[in-house]
Amino acid sequence: MSDAYVKLVNSPAGRNIAKKLQLPRPAVLRRYRRGQPLVPGPVLVVGNGTGTDDLAKQLLDWGQDVRRHATPKEQLGGIVLDLTALSEPLELSEPMLTVGGALRDLAPGGRVVAVSRPAA
């Protein structure tokens, strides 16, 4: 959808018209601008292994506020899930529970990124 439509249906007058006509109201997504942080707010990095530590270090180098454990009721700008160290499907339960709990605290327009190995 174009930005003009999003602005229209999210304006006060357009919101009423869109509601009466039952038009969808898409969320206004944040656009990246040079000089701003990649993600507004803390980024939760979930996973185990050296790859996860390297990923967290890279995000820190880019000036992000990186968390390895979610703080309840703290609004997260993004969640990065590193699955590269997993070798069996049974190992998915712990990171999925962590991410599932953190999704409640994801900011509107927040991003979730999963990193995995290529399929063998």
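The values are calculated or read from the model by the stated rules, or taken from the named source; none is laboratory data. This one's a predicted model, so the numbers in the text were calculated from it and none came from an experiment. With ideal geometry, Cβ positions are generated from the backbone for all residues, glycine too; neighbour counts draw on all protein chains shown. Ligands, DNA and RNA are excluded from the accessible area calculation, which covers all protein heavy atoms including side chains. Shrake-Rupley method; radii C 1.70, N 1.55, O 1.52, S 1.80 Å.
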Accessible area per residue, Å², segment 32-115 with all protein chains present, probe 1.4 Å: 65 Å²
Highest-MSF residue in the chain out of PRO26, PRO72, PRO108 [GNM, Cα springs under 10 Å]: PRO26
Relative contact order (%) - segment 32-115, alpha-carbon pairs under 8 angstrom, separation at least six: 36 percent
Carbon and sulfur %, accessible surface of the chain computed with the full protein complex present, 1.4 Å: 59 percent
Of LEU59, LEU92, LEU103, the one that fluctuates the most in a GNM where the chain has Cα springs shorter than 10 Å: LEU92
Local electrostatic count at ASN10 - Lys and Arg +1, Asp and Glu -1, tallied over other residues with Cβ under 14 Å: +4
Sum of -39500 (n - 2.57) over DSSP H runs of 4+, divided by residues of the chain (222 nm, nearest 500): -10000 deg cm²/dmol
Choice from ASP61, ASP82, ASP53 with maximal GNM fluctuation in the chain (Cα, 10 Å cutoff): ASP61
Sites matching trypsin sites (Lys or Arg not before Pro) across segment 57-120 that sit in DSSP coil, with at most 16 neighbouring C-beta atoms within 10 Å: ARG68, LYS73
Hits among lysines - C-alpha to C-alpha of LYS7 under 25 Å, sequence gap 8 or more where chains match: LYS19, LYS20
